[in-house]
Amino acid sequence: MMNRRGNLKALASAAAISAGSLTFAIQAQAQEGNTIKVGVLHSLSGTMAISETVLKDTVLMAIDEINAKGGVLGKKLEPVIVDPASNWPLFAEKTKQLLGQDKVSVIFGC
């Protein structure tokens, strides 16, 4: 049976291993390319365009601000914009496209 000191040592070791793994993952991702792709999935046509176009503009404004400050991990963010055209099944298809084909790291929208 472990005592309190043993539990604290085990917890500290686990935290150190986790931090090292996270740092390694971030460095590996940063070395993959010159930019970090960001998916923007908002309807730019159809019935939802009136409200979602503003959301797309907001995401692009945030990306511009982040890039102006040097990006993330020294890499610029590259928006990849798709239009699901207010068609709910098309949202799923466009999400698969962004993740599989375009290899985005994150998706804003839906």
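The values are calculated or read from the model by the stated rules, or taken from the named source; none is laboratory data. Just so you know, these numbers come straight off a predicted model, no measurement behind them. What goes into the accessible areas is simple: the full protein's heavy atoms, side chains included, and nothing from ligands, DNA or RNA. Shrake-Rupley method; radii C 1.70, N 1.55, O 1.52, S 1.80 Å.
Averaged per residue, what accessible surface does region 67-110 expose to a 1.4 Å probe, in Å²? Before the final figure, lay out each step's value.
Working: 2810 Å² over 44 residues.
Solvent-accessible surface per residue comes out at 64 Å².
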(message) Which aspartates and glutamates, if any, have their Cα less than 16 Å from the Cα of residue 94, not counting same-chain residues under 8 positions apart?
(response) 52, 83, 102
(message) How large is the accessible surface of residue 57 in square angstrom, using a 1.4 angstrom probe and rounding to the nearest 10?
(response) 70
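Using a ≥ b ≥ c from the Cα gyration tensor of region 25-110 (square roots of the eigenvalues), is it rounded, prolate or oblate, where a/c under 1.5 gives rounded and otherwise the larger of a/b and b/c decides, a/b for prolate? List each step's numbers first, then the result.
Values: a/c = 3.69, a/b = 1.58, b/c = 2.34.
The shape class here is oblate.
As a test of reading the structure, rank 95, 47 by solvent-accessible area (1.4 Å probe, protein chains only), most first. Write down the numbers at each step before the final one.
Numbers: 95 40, 47 115 Å².
Ranking 95, 47 by accessible area, largest first, yields 47, 95.
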